[in-house]
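The values are calculated or read from the model by the stated rules, or taken from the named source; none is laboratory data. It should be emphasised that the depicted structure is a prediction, and the values quoted were computed from it without experimental measurement. Neighbour counts run over all protein chains shown; Cβ positions are idealised from the backbone, glycine included. Surface accessibility is based on the protein's heavy atoms, side chains included, excluding ligands, DNA and RNA. Shrake-Rupley method; radii C 1.70, N 1.55, O 1.52, S 1.80 Å.
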Amino acid sequence: MHPAQSAAGAPGTLLDRLAVAAVVLDPHGRIVLWSPEAEGLFGYTAEEALGRHAISLLADPEHQDRVSSVFAQIMDHHGTWAGVFPIRHKNGTTRLVEFRDMGLENEQGRPFVLALAADQYTVRTVERERALAVKLIDQSPIGLAVFDHDLRYVSVNQALARINGLRAEAHPGKRLGEVLPFLDTEAIEDTMRQVLTTGTPVLDQRSLGHTRLGRHGVLALSASYYRLEDPGDSVLGLAVSVVDITEQHLAAAAAQRAQHRLAVIADASARIGTALDLYQTAAELADVAVAGLADIAAVDVLDSVIPGRHAGPDAEGGALFRALAVAAAVPTEALAAADQAGEIARYGSDRLVTRCVRTGQPVHIARIGPGDLACIARDADSAETLARVGVHTYLAVPLVARGEILGVLDLKRFRNAQAFDGDDLLLATDLAARAAVAIDNARWYQHARDTALTLQRSLLPRPPNRMPGLTLASRYLPADAADEIGGDWYDAITLPGGKTALTVGDVMGSGIPAAATMGRLRTALATLAPLDLPPGELLRHLDTITENLGQSIATCMYGVYDPRTARCCLASAGHLPPVLLRPGRSPEVVDVAPAPPLGVGGLSAVAADFDFRPGDALVMYTDGLVETRDADIEQRLAVLVQTLAEADGASAEELCDHMVRELGSTGAHDDIAVLVARADALEP
């Protein structure tokens, strides 16, 4: 006997509730056995009942003939009789009693009648409760099961049979793992034993398994466990209620995936396209992809899109790609199997990335099979590396912007065991669409920047290192941002009488229009300078020319150096003052009264005239060298002076290098032009 059954037979069983009375009658109808339950049912003690005729004791006079007839029938035929009969209680009341009477014989062959009786109301109550329980169990939408002490099925209802995919009559005697092998049955049975031992219910324990049952391929269940006990606290087994929550699980999973997708898209919106740089934009896309979608991500574009030509596969069906970025969620040797940023690779028509750009459609391999890696990896060694790492699923999505296929977002998984599914494809497509626009913007800005920079560099002069009585050095640094390339210039022009004109200027605005305006002003200045006009008068003429150019405004510093007199004369049209360096003295800012910028009109510049002897150096520059967005211009000029003081005695070239190295990064938002002129002894 199981330990939990040791209390069997204790008070409180179903028989106790029914209070079934047992009465034995001899052939004459006298009472020879009277059970304690009979005393409770009829009110007479055993002493009062034994030996008395049962019919006269328990039946009213109007019912005695009928009772006698039934008794005689049972005695004559050793039959049975069942029914309800009104019985007179000792207290004088009449109650309906359910009887089961049987004619029997003892060992000597003498007949007797065994009567089992119970109160009809109690019997009907138990029957109704049983009927209700049976209907509830059979018709309940909740799966119900009873397990024995060995955790084997005793019974299940139809709802649980449908959930388990097994007929109800096939369950008894089986263990949970035999019916639902795809669940974590070991953990579930641990919970069942705990409930059997402690009696404490466990509610809403959830289990999830992948199965062929149903149309979803998964089964999600919520189970509650209760110990079954009889009224005497004997443990009968375990009751389990089960609810199929697969639909809720799938809905919650779908909502979670949607939330994840929105989070990734929000992350992409914030992180992709922060700068108009092609490689940085691609790196941002790869980083977002490995953060929320793939274990390895690569961004490759058709090489033909880099200079802005029409992109597309070549005539043989293959394609020439330029790798822009590759990233991984964790350190892995698989990174070495990918084309590195800046590398160019040609892939044939059999490669999946080529198919992607040729068709403009995603390529999705849920489970990589034999031979697939050869169409994914760049070569056989890379395919072996990817196989060794465990790459098992692949997705390539085209980068399409404004109707043009730019390249491919290449995604792989090896750490995440889930294959890419339809939701992943939607997310990757959304990411690629957003990133493609940013990549397209970056490549066109890069193209525009390169065009403007080429134009500007072509318009800048290449003055000789030496002019009469001067050693010259110059530098030009474009701004970091594509749209900040502007109209900074410098020039040194030979004038009659051995004099030299020195100038720096800055056209307000940026891009190709500013560079073009700069070229026109520099040409005008080169035309006016040989007239040997005083600096202030030359700027006045240049102002008139600038007005005729339309909506153009520029600043300009113009000076004339005469080596014969060792004098320099400067005039400013809204430009920052130059710095004068004299041997053995601290650098000083030349006091030049600035007139309004060129293009405003009515310019009247007052020139500054000063000695400029051999050994002296004049530093002229544009505002990109000193101006910042968070510092006062006077402070920045002081920094410039200090920087030049640190380079005391340096050559003109060394001065340029020192200024650009120390101050050039602070002006990365604007172009920088620098012209350094050092006075030399005049040769005969």
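In table form, for the structure just shown:
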| quantity | calculated |
| --- | --- |
| Filter result (open to solvent by 20 Å² or more (accessible area, probe 1.4 Å) and in a loop (DSSP other than H, G, I, E, B)) within the range 559-577 | Arg564, Thr565, Gly574, Leu576, Pro577 |
| Residue selected from the range 379-403 under the condition free of Cβ contacts under 8 Å to residues at least 24 places away in the same chain and assigned to a loop (DSSP other than H, G, I, E, B), by the criterion surrounded by the most Cβ atoms within 10 Å (Cβ to Cβ) | Asp379 |
| In the range 329-378, residue surrounded by the fewest Cβ atoms within 10 Å (Cβ to Cβ) [restricted to those that are part of a loop (DSSP other than H, G, I, E, B) and aliphatic (A, V, I, L, M)] | Val330 |
| Criterion: touching a residue at least 12 places away in the same chain (Cβ under 8 Å), touching a helix residue (DSSP H, G or I) at 6+ places or on another chain (Cβ under 7 Å) and either buried (at least 19 other Cβ atoms within 10 Å of the Cβ) or assigned to a loop (DSSP other than H, G, I, E, B) (or both) - qualifying residue of Leu580, Leu542 | Leu542 |
| Residue match in the range 123-130 (condition: among the basic types (Lys, Arg), open to solvent by 30 Å² or more (accessible area, probe 1.4 Å) and in contact (Cβ under 8 Å) with a residue 12 or more places away in the chain) | no |
| Matching residues in the range 617-630 - criterion: being surrounded by fewer than 19 Cβ atoms within 10 Å (Cβ to Cβ) and over 20 Å from Gly574 (Cβ atoms) | Asp630 |
| Among (1) open to solvent by less than 40 Å² (accessible area, probe 1.4 Å); (2) in contact with a Cys (Cβ under 9 Å, 6 or more places away or on another chain) - the single one Asp611 does not satisfy | (1) |
| Some residue of the range 672-684 being under 47 Å from the mean Cα position of the chain (by Cα) and crowded, with 16+ Cβ neighbours inside 10 Å | yes |
| Residue in the range 173-189 that is part of a strand (DSSP E or B), of a type in the set (A, V, I, L, M, F, W, C) and crowded, with 16+ Cβ neighbours inside 10 Å present | no |
| Those residues of the range 225-263 which are touching an Asp or Glu at 6+ places or on another chain (Cβ under 9 Å), modelled with pLDDT under 80 and either crowded, with 17+ Cβ neighbours inside 10 Å or within 30 Å of Val154 (Cβ to Cβ) (or both), in sequence order | Pro231, Gly232, Arg261 |
| Lone qualifier among Gln642, Gln635 - being of a type outside the set (Phe, Trp, Tyr) and within 47 Å of the chain's Cα centre (by Cα) | Gln635 |
